[in-house]
Amino acid sequence: MNKWTRRAFIGAGALAGGGLALGVLGVALAPGRHSVVPDDAEGAGQLNTWILVTPDNIVTVLVPHCEMGQGAQTALAMMAAEEMDVDWSLVRVKEAPALDEYANGYVVRALTGESVPGPIEVGLDYGTYRLARWFGLQATGGSMSVRTTGQYGMRVAGAAAREMLVAAAAEQWNVRAAECQVASSRVSHAASGRSATFGELAQAAARQSVPSRPTPKDPQAYTLRRTARRRFDMRSKVDGSAVYGIDFTLPGMLHAAVAIAPVNGGKLVSVDSAPAESMPGVKRVVRLEEAVAVVADSYWRASRALEALEPVFDDAGHGGVSSATIFEAFDEALAAPPEMPAGAAKVITADYRVPFLAHATMEPMACTARVTPEGAEVWAGTQDPLNARKTAAEALGLEPGQVRFTNLALGGGFGRRLPGSLDFVGMGARIAQAMSPAPVKMIWSRETDMQHGYFRPAAMSRHAGALDASGAPVAVASHYVGGGDRESTFMPYVIPEKKAEGREAPHHVRTGAWRSVLNSQHGFFKESFIDELAHAAGKDPFAFRRDLMGEHPRFRAVLERAAAMASWGRALPKGEGLGIAIAECFGSIVAEVAHAALSPEGVLKVKQVWAAVDCGEVVNTDTAAAQIEGGIIFGLSAALVGAITIDKGRVVESNFHDYQMIYLADTPAIEVQFIPSTAPPGGLGEPGVPPIAPAVANAIFAATGIRVRELPLRRVRLA
Amino acid sequence: MAIALTVNGQPRTIDVEPETPLLWVLRDTLGLTGTKFGCGIAACGACTVHVNGEPMRSCVLAVSDLEGASITTIEGLAPSGVLNNVQQAWLDQQVPQCGYCQTGMIMAVTALLSERPNPTDQEIDESITNICRCGTFARVRRAIHGLAAEAGGTR
C-alpha cells in the first residue's frame, strides 16, 4: 500500500549516424506514504524520459519539464548521468520540443531523420494512451519534476543506457559484462587493457536488447548526486541572450496591447475605435468578448493607442463585491467556533485571515501567434506546453494537431502559467487570428497582468483548541473557507482529537495555484494556532511542538535541527524574539525559525531566518538551497506586504507601487541545512514558503506579546 | 524625428515618436531584448541600462531626452564574449533563478561597484532596489560582498 507502483516501458533504438536513443514512458502512482502525505497522490504524474548518446561522446538528456529557474532540468540530467557514470562535462540538456509529437516519436524522427525503431513505438503507444488520462504531459508544477520524472524515468533510463553500453563493449571484446568497469563516459576491461568511449559504443549499444529491469546504482556509490552543479541555463541569464516569451520576434510581426474587462466575468459592451485608428502605426482595433486589443507596428504605439480608447465593459453583476463583503461572507460561513470536549481545563479560539495574492511574475503575460489557413503557430513561456497548445486550439476552433506550440523561457511561473490559467495564450491566438496571416505578439501591461491573475485564494479560519490540566492538548479543530481539505487537516502532532471542516462562501474572483498552493494559508493558520496553544499551556513553543511529535520522527528531526541552528532559547534584547514553524508539502518537510526585531514604534525587521529541510535525498545541493532561499523570500513578501484587494468587483492594485514585494534591503540573512536522507526526493520549489509567515508571526509574539492573526503584517499594528 | 545615440559603442539614429521610452527603442527598434519590461513605471528595475555610465530605468526615459547619449545594455557588458566581473560572480554564485530580473540587476550592480568598489551594506540596500520575484536577494548580496572583497575591502 505504501509503496510507489511503477508501470513503465523502456524503449531503445538507433540514431542516424550511429547513436543510441533510449526512452522510458509510463506513469508513477503514489498511493500515500507513511510519514509524509503527498499532495498529489491521485496523479503523481507521467514519465517521459529520453537519453541520446551520440558518436561525438555527448550524452543529451531530453527533459519534459520547463526550466523556470528551479534547476529541475539540471537535477534531472544529474539523475540520469549518475546512473550512466558519464563525464558530467559531456552532458547536455534539451527541453523536450513538443507535446504529443514528443510522446509519439516525433522527437526521434526530428533528431534522426529516420523512422522510429519498433521498440520505441510500443512504449510510445502506451505513453500516448496514458497521456489521454493525465491532464497534461509536460506540466511543471507540484514540485514534481525530480520526484516523478527523475526518480522513475531518469534513473531507469540512465541505468538501462549504461547496461546497453556495457553489453556492447563486452560483445565487441568477447568478455563478460560483469568484468567491465564504467567511469567518465568510458567502458574499460582491466584484464585485457581495452577501453572505449560511450560515443564509440553508441551504435553497437543500440543493437543490444533492452533491459526490462535495469539495476539502479546503490546510492552509497553516488558521486554526482548530492553535489553542487551549475545550472545549464545560467550563462544565457547573465549575458541577456535567454529568449523569454516576451522576447520572441518574427519578421513582419505586429504588436498588440489589450484592455480586459476589469471585473472578472465582465464583457466588452462597446468601444469607439476611431481615436486609436488614426494614431501612427495602428493597424486595427480588435474586439474580443472580454477585451479590446489595439494592434500596431510597435508595442509602444499599440499601448499608446489603447490609452486613447474608452471601452465600456459590464461588471457581470459583481460590481458590489469588495474584500470586505467577501470576508463578511467568510465570517458568516464559518459560524460558531468548533465545539471542544466538555471538561477541558482550558479552551482557546482564534480567527485567522489572509488576502488574495498575485503571482506577479516579473515577465508579464505575453504570447506570439501566427494563424494561417493551414493552422497556427504559437510561442509563449508556460508551465505546460501541451495544455498551452490545447488552449490555443480551442480558442481558434482548431484541432490540437493543427497548432504548433513552442515553449520559451519563463520569466517566473509560481503557478500562474499552469493549465487552467493559460488565458493569455488563448487571447494571443485570437488576436492573431483577427490579423491573419500576420504574426502578432501580445504583451500585457503590468497593470493588466496584476489585475487579471488567478490569485492565491483569500482564506479565513476559525480555530478552537482544548488543553487538559497538565497543559497537554486534547483537541484542535477548525472551520475554514478558501479551500484546502488536506492542507487544513494535516498536523504532525499527536493530539487525541483533530478536525477541520471546509465551508463554502463563493465569490467571482479568479483563483489558482500559487507557489505552495493551499499550504501558504493553512501553514500560517495551523502553525500560528499551535503556537497559541503552547503559550496557553505556558510551555516553550519549540518544546511543546517537539513533545507532540512522537509518531513523526522525520518532523521531529527537522524541528530540532532548525531550533539548534537558531540557538533556540537564548536570551535576546528587548523587542526581539524567535518564532518557529514547520510544514510539509510536496513530499518535503521544512522547519523555519525567524528572528524578528521591533522598534518601539512597531517597525518590524526580520533579521535572520534558519531553515532545516528534509526533502528526502538531495540531488543538486546548490539549487536545492536556492529554492528554499527563494521560497522564504517569496513567502516573506506575502507575510509582510502582499495583498490583492477587491473593490467594486475589480482589483484595486495595479502595479508594483501598490502591490508590494520585499527588496534586497528587507531580506534577512538566510541559512539552510538539509537533513541527510535516503528517502525518495521531495519537492523543493514550494515547501520553503508555508513556514515563513507563521515563523515571523510567532517571533513577533515572542518579541512583543502581540498575536498576529491577519496578513499582511503591514496592515497590523505592532506597537 | 531622428535622434542620434550611441548604443553599446555603435552610433545609431532612431526615428520614432519623441516620447517613446528608451526601453522599447532598445527592444523593438534595435532588437536588444536583454533589457526587460517589468512595470513601465520605474518601480522594478528590470529595464536598467547605463546612460552615460549612470544606471537608469529605461522604461520611463523618453528617447528624445537622450540625444547624443551613450547607452550601455546587458549585451554591451561582454562585447567580446568575456563576461564582466559582475556577470562572472553571478555565474559563480549561481544567482539567477528564472533570470528575468537579473540583467537589470547586473546593470545596477555593475554601476554601483564602478562608483563604489567596496560598498557598505547600507549603500547596497540604498542602491539596489530592483525587484526579484523568485527570491534571489540572499545570493545577490553574497555576490556583491564577494566582488567587494576582490576589490580589496572587507566591510
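The values are calculated or read from the model by the stated rules, or taken from the named source; none is laboratory data. Computed from a predicted structure; not experimentally measured. Glycine also receives a Cβ, built like all others from the backbone with ideal geometry; neighbour counts cover every protein chain displayed. Side chains are part of the model used for accessible areas, which takes the heavy atoms of the whole protein and leaves out ligands, DNA and RNA. Shrake-Rupley method; radii C 1.70, N 1.55, O 1.52, S 1.80 Å.
Residues in segment A:232-278 that are hydrophobic (A, V, I, L, M, F, W, C) and over 24 Å from A:ALA369 (Cα atoms) were compared, and the one that is farthest from the other protein chains (Cβ to nearest Cβ) is A:VAL269. Selection of segment B:90-107 for residues being surrounded by fewer than 24 Cβ atoms within 10 Å (Cβ to Cβ) and more than 8 Å from chain A (Cβ to nearest Cβ) yields B:ASP92, B:GLN93. For segment A:260-282, the candidate set comprises residues that are surrounded by 21 or more Cβ atoms within 10 Å (Cβ to Cβ) and in contact (Cβ under 8 Å) with a residue 40 or more places away in the chain; within that set, the residue that is nearest to A:ARG510 (Cα to Cα) is A:ASN264. Out of all the residues in segment B:113-146, which are in a helix (DSSP H, G or I), among the charged types (D, E, K, R) and more than 8 Å from chain A (Cβ to nearest Cβ)? B:GLU115, B:ASP121, B:GLU123, B:ARG142 - these are the residues of segment B:113-146 that are in a helix (DSSP H, G or I), among the charged types (D, E, K, R) and more than 8 Å from chain A (Cβ to nearest Cβ). Figure legend. Inter-residue proximity from segment A:532-559: first residues in contact (Cβ under 8 Å) with a residue 60 or more places away in the chain, second residues among the acidic types (Asp, Glu) and in a helix (DSSP H, G or I), beta-carbon distance below 6 Å, spacing 6+ or different chains. Indicated pairs: A:PRO541/A:ASP531.
Any chance segment A:646-653 includes a residue that's open to solvent by 30 Å² or more (accessible area, probe 1.4 Å), in the same structural domain as A:LYS574 (by TED's automatic domain parsing) and part of a helix (DSSP H, G or I)? No - not one qualifying residue is present in segment A:646-653. Please work out which residue is least open to solvent (accessible area, probe 1.4 Å), limiting yourself to segment B:108-155 and to residues that are over 29 Å from A:PRO687 (Cβ atoms), of a type in the set (Asp, Glu) and under 18 Å from the mean Cα position of the chain (by Cα). Going through the qualifying residues, I end up with B:GLU123. Taking segment A:134-238 and the helices (runs of 4 or more DSSP H) fully enclosed by it, the elements with 3 or more residues that are modelled with pLDDT of 95 or more are at A:155-173. So, in segment A:409-418, of the ones that are open to solvent by 10 Å² or more (accessible area, probe 1.4 Å) and closer than 24 Å to A:ARG510 by Cβ, which residue ends up modelled with the highest pLDDT? The selected residue is A:PHE414. Filter segment A:317-371 for residues that are within 34 Å of the chain's Cα centre (by Cα) and acidic (Asp, Glu); which is most open to solvent (accessible area, probe 1.4 Å)? Taking the candidates together, the pick is A:GLU332. Residues in segment A:391-400 that are open to solvent by 10 Å² or more (accessible area, probe 1.4 Å) and either within 14 Å of chain B (Cβ to nearest Cβ) or touching a residue at least 12 places away in the same chain (Cβ under 8 Å) (or both): A:THR391, A:GLU394, A:ALA395, A:LEU396, A:LEU398, A:PRO400.
Using the structure shown, decide if A:GLY575 is of a type in the set (Gly, Ala, Ser), in the same structural domain as A:PHE555 (by TED's automatic domain parsing) and open to solvent by 10 Å² or more (accessible area, probe 1.4 Å). For A:GLY575, the condition - of a type in the set (Gly, Ala, Ser), in the same structural domain as A:PHE555 (by TED's automatic domain parsing) and open to solvent by 10 Å² or more (accessible area, probe 1.4 Å) - is met. If you go through segment B:1-36 and keep only what is touching a residue at least 40 places away in the same chain (Cβ under 8 Å) and of a type in the set (Lys, Arg), you end up with just B:LYS36. Confirm whether A:SER241 is at pLDDT below 95, outside any loop (DSSP other than H, G, I, E, B), hydroxyl-bearing (Ser, Thr, Tyr) and open to solvent by 10 Å² or more (accessible area, probe 1.4 Å). No; evaluated as a whole, the condition is false for this residue. Filtered by the rule that a residue be of a type in the set (Val, Ile, Thr) and more than 9 Å from chain A (Cβ to nearest Cβ), segment B:76-89 gives a lone residue, B:VAL82.
Determine, yes or no, whether A:VAL696 is within 25 Å of A:ARG554 (Cα to Cα), surrounded by fewer than 24 Cβ atoms within 10 Å (Cβ to Cβ) and of a type in the set (A, V, I, L, M). No; evaluated as a whole, the condition is false for this residue. Per the conditions (1) surrounded by fewer than 21 Cβ atoms within 10 Å (Cβ to Cβ); (2) among the hydroxyl-bearing types (Ser, Thr, Tyr); (3) touching a residue at least 40 places away in the same chain (Cβ under 8 Å), the sole criterion not satisfied by A:TYR659 is (1). What number of residues within segment A:670-693 are surrounded by fewer than 24 Cβ atoms within 10 Å (Cβ to Cβ) and assigned to a helix (DSSP H, G or I)? Count: 0.
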